Amino acid sequence: MSLDSLNIDDLAENFSLFDDWEDRYRYIIDLGRKMPPLPDADKVQANKVEGCMSQVWLTHAVEAGAAEPRLFFFADSDAHIVKGLLAVLLILFSGKTAQQILAIDADAELARLELDQHISPNRRNGVTSVVRTIRALAAQSVEAAAS
Amino acid sequence: MNAPVAAPLLNHRPFDVEAVRRDFPILSRTVHGKPLAYLDSGASAQKPQMVLDAVMRAYSEEYANVHRGAYWLSERATANYESVRGKIRARLNAADEREIVLTHGATEAFNLIAQTYGRTALQPGDEIIISALEHHSNIVPWHMLRDEKGLVLKIAPIHDDGSFDMAGFEALLTDRTRLVSVAHVSNVLGTVLPVAEITAKAHAAGAVVVIDGCQGVVHRPVDVQAIGCDFYVFAPHKLYAPTGIGVLYGRLDMLERMPPWMGGGDMISSVTYEKSEWAAVPAKFEAGTPPIVSAIGLAAALDYLAQFDAGEIHAHEEAMLAYAMERLADIDGLTVHGTAPGKSGIISFSMAYAHPHDIATVLDRQGVCVRAGHHCAQPLMERLGVPATARASFGMYTNTADIDALVKALRSVQTLFG
């Protein structure tokens, strides 16, 4: 199973099979391990996303030459569970156009996976900030195209 | 320093941890279907029923603003509020009730010292010494003061086991040292600093001494006169009292010389359009409506603690620490940060195969509350060479079942990540 072949519906289906938290965490950790790590050169302050308990880095690339370019995101963390949650976010957001990204109701999708408790704003684990940053980058991309 | 501060009480209540636990209603709840094992008292302690009752009674029966009304209810509220000062004086063995300033938090108390004593008494080129294990609240106010006044901030080193490096500290003292501010007990490592010795050496160099007692007052009997410090700060919410209130002990002659900081009601003796005259100490430092009900809750927390012999609480916490250290030693790949002799009930640790954030997340599912992160002590994390740690911190109600739950949960961390 590679991350590229998974979409959020697959995840929701897989999550529904787990009846205890341990299996769920094991699966999240596994998703994180399958996500390609960021090169050390990208793990710099400029790519850091605000968080308190662990470190999170996010980079992105915009597809060249397309009328409606897709945005690709890359992320990493020094904590396994956070890294797994980042993998979920990349499955949700990466490889989509800015308009598609802005149309995603992240809260609802994560609630569907019962991951909302990890993403709520009062958990200062960086994951909330990643969603906010991805949305801001998508909004910038839309503005750039309009100007 | 080991003698209990409070005089022996006639109605002394023997310390029995299971009976104590029944006094803290939250401890009987479950989290994620598991019994709560609350091991984050270093961040904030739980509250006994006596405190909850006092808070409820203050609002439901005797509430009004203080220092204002000429009516019975306000006088009752004022008496209840002011009663806390004497209890704090006793807890710290301060010489005089007027030495107890009530702030809105310990952080505010540090800023008060920096912005009043620091701004008026320190000159460009003067030196401040803090230690390498301080909480951000005992770092940032000095950074701000340094930058404003052109001061020099020096960091007293620690040894690898987390103990205070006295020789390293002494080497930093010069004739420009004006202020030394150190923790009594480290919030990350549990190290107990030799504050009386530090104070004596700082005074000999002509410096004023501030002690961060936020963890110290919880884990140690405190005698500010024996320590000899000029200021002692603590956060009552870590001492089983409500949030929103802080305590600043300051030697009377110091407080009297210091200018006020925040201006407003309750801190003046007279105001005309032209000028204000300050009220006497401590009111001079207590502008605005104070945290009335939190102070009443703190009075109840101090009454609760005063039932016990402080030495018995201390002995219980030492026994829990010894038990925890022994059990944690059995877990492969677990490193405890801070093993100074005589340390108190705060254990920071990391695991080879899991980030502290992972550890705290997995522990949470099993009802075990620990903190993960830099514990508002980023420079110390740098000194330890770790980005973060997990931390289990004890209170008077911590029992072996809490520690067993921690160890069991840590084994599941091993299974998941190892």
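The values are calculated or read from the model by the stated rules, or taken from the named source; none is laboratory data. Fair warning: this is a prediction, and the values are worked out from it, not measured in the lab. When we count neighbours, we look across all protein chains shown, and the Cβ atoms used for this are built from the backbone with ideal geometry, even at glycine.
A few comments on the model shown:
- From B:Arg85, B:Arg98, B:Arg68, residue being outside the structural domain of B:Cys376 (by TED's automatic domain parsing) and surrounded by fewer than 17 Cβ atoms within 10 Å (Cβ to Cβ): B:Arg68
- Apart from one condition, B:Gly385 fits all of (1) out of contact with any helix residue (DSSP H, G or I) (no Cβ under 6 Å at 6 or more places or on another chain); (2) under 28 Å from B:Phe164 (Cβ atoms); (3) of a type outside the set (D, E, K, R); (4) in contact (Cβ under 8 Å) with a residue 60 or more places away in the chain; the exception is (4).
- Residue count for region A:28-60, restricted to those that are touching a residue at least 24 places away in the same chain (Cβ under 8 Å) and of a type in the set (Ser, Thr, Tyr): 1
- Those residues of region B:83-129 which are part of a loop (DSSP other than H, G, I, E, B), aliphatic (A, V, I, L, M), in contact with a Leu (Cβ under 8 Å, 6 or more places away or on another chain) and under 20 Å from B:Ala283 (Cβ atoms), in sequence order: B:Ala95
- Pairs, first facing another protein chain (nearest Cβ under 9 Å) and assigned to a loop (DSSP other than H, G, I, E, B) in region B:357-379, second β-branched (Val, Ile, Thr) and surrounded by 24 or more Cβ atoms within 10 Å (Cβ to Cβ), C-beta under 9 Å, six or more apart: B:His374/B:Val188; B:His374/B:Thr389
- Hey, B:Ala319 free of Cβ contacts under 8 Å to residues at least 60 places away in the same chain, more than 20 Å from the chain's Cα centre (by Cα) and either within 14 Å of chain A (Cβ to nearest Cβ) or under 29 Å from B:Val192 (Cα atoms) (or both) or not: yes
- Breaking point among (1) crowded, with 17+ Cβ neighbours inside 10 Å; (2) assigned to a helix (DSSP H, G or I); (3) not assigned by TED's automatic domain parsing to the domain that holds B:Gly264, for B:Gln46: (2)
- The selection criterion, being closer than 19 Å to A:Arg135 by Cβ, within 12 Å of chain B (Cβ to nearest Cβ) and in a helix (DSSP H, G or I), does not hold for A:Leu89.
- Scope region B:26-43; condition in a loop (DSSP other than H, G, I, E, B) and under 21 Å from the mean Cα position of the chain (by Cα); matching residues: B:Leu39, B:Ser41, B:Gly42, B:Ala43
- Per the conditions (1) away from every other protein chain (no Cβ under 14 Å); (2) surrounded by fewer than 18 Cβ atoms within 10 Å (Cβ to Cβ), the sole criterion not satisfied by B:Val386 is (1).
- Within region A:40-82, the residues that satisfy the criterion of being within 14 Å of another protein chain (Cβ to nearest Cβ), closer than 21 Å to A:Asp4 by Cβ and in contact with a Leu (Cβ under 8 Å, 6 or more places away or on another chain) are A:Trp57, A:Asp76, A:Ser77.
- Comparison of B:Val413, B:Val407 shows that the only residue that is on the phi < 0 side of the Ramachandran plot, in contact with a helix residue (DSSP H, G or I) (Cβ under 8 Å, 6 or more places away or on another chain) and either in a strand (DSSP E or B) or within 12 Å of another protein chain (Cβ to nearest Cβ) (or both) is B:Val413.
- Strands (runs of 3 or more DSSP E) within region B:244-341 that include 2 or more residues over 28 Å from B:Lys87 (Cα atoms): B:268-271, B:276-278, B:334-337
- Flag if B:Thr339 is under 26 Å from A:Leu115 (Cα atoms), among the polar types (S, T, N, Q) and within 27 Å of the chain's Cα centre (by Cα): no
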